[in-house]
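The values are calculated or read from the model by the stated rules, or taken from the named source; none is laboratory data. Worth saying up front: this structure is predicted, and the values here are computed from it rather than measured. Here the Cβ positions follow ideal geometry from the backbone for every residue, glycine too, while neighbour counts run over all protein chains shown.
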Amino acid sequence: MDVTKRKTLIKRRGIAEAKITSIKKFVDRIDGNIDIYSIGVRLETIQQAWDDYNIVQDELEIEDEAEGSSHAGDKVVTELYYELHATMSRLVHTINVKAESLTKSPSSNSTQASTNPRLPPIKLPVFNNKPTEFKRFFDIFNSLVLNNETLDNIQRYYYLLSVMSGEAHELIENLPVTAENFPIAWKLICDRYDNPRLIANAHVRALLSPPVVSKECPQTLRSLFNHCKSNVNAIEALNLNVPVHELIITQLYLEKIDSNTRKD
């Protein structure tokens, strides 16, 4: 890759990361007096920043893979984006539900409705088949779609299809879109990806493939620490009653066994 182009991509990535990080400060300051307009603006901003980050990161990863390097902060940024998006989405959903109840109440008036405006529809995150990201996807989809009483099952099914990609989409794409088939499709997705052992193994593989620290830099060392800590915490949160070190040892031995033997 041309050096100038690479520098430009890295700069764009840094700008996108900074936007996502700045929104965390806003979320941390949220109290009981929620400004719905501020949340709406930041939801749009974080989505735009995330889309730009992924475009740039995909280009850089192709080059980094060839050079044997990687961006140490990628997983940290990914974790932060989903955490912030889920938090703000839940807040918007809560406000909209309260606004609907006020609108339907006989005692509500135009003044009350004007102080509780409805935001534009929230863009649901696309599930990219990574087991480690299913819990976040599940929480957001469950909050905004499954628990939305204004939607029927056909609408929920269309939402589900719209946010599935790759293997997950192939798993349910041949089921006819009917109200009766939505619970079946959702169960297929959950049975496939809501698997604690599968999720734990994915985190273990991430632990065994840490980001490369090419120089003594506090930021890269911190990213390495966060990478390890976040994966260990995620494994422990699954409550498998299996020590983390045993999962790591099992994975190390499995990697020494050929694929045919593993299937047996």
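Structure notes:
- When residues of the range 33-77 are limited to those that are modelled with pLDDT of 85 or more and hydroxyl-bearing (Ser, Thr, Tyr), the one farthest from the chain's Cα centre (by Cα): THR45
- Residue in the range 218-228 that is within 16 Å of THR132 (Cα to Cα) and free of Cβ contacts under 8 Å to residues at least 40 places away in the same chain present: yes
- Test: residue in the range 173-185 that is among the small types (Gly, Ala, Ser) and in the same structural domain as PHE134 (by TED's automatic domain parsing): yes
- When the range 238-252 is filtered for residues that are in a helix (DSSP H, G or I) and not β-branched (Val, Ile, Thr), the ones remaining, listed by number, are HIS245, GLU246, LEU247, GLN251, LEU252.
- Identification of helices (runs of 4 or more DSSP H) wholly contained in the range 119-172 with 2 or more residues that are among the aromatic types (Phe, Trp, Tyr) yields 134-141, 153-162.
- The listed residues are LYS104, LYS130, LYS98, and the only one of them that is at pLDDT 80 or above and basic (Lys, Arg) turns out to be LYS130.
- Boolean, ASP152 is modelled with pLDDT of 75 or more, acidic (Asp, Glu) and farther than 30 Å from PHE225 by Cβ: yes
- Residues that are aromatic (Phe, Trp, Tyr) and either more than 30 Å from THR250 (Cα to Cα) or loosely packed, with under 12 Cβ neighbours inside 10 Å (or both), drawn from the range 148-203: TYR157, TYR158, TYR159, PHE182, TRP186
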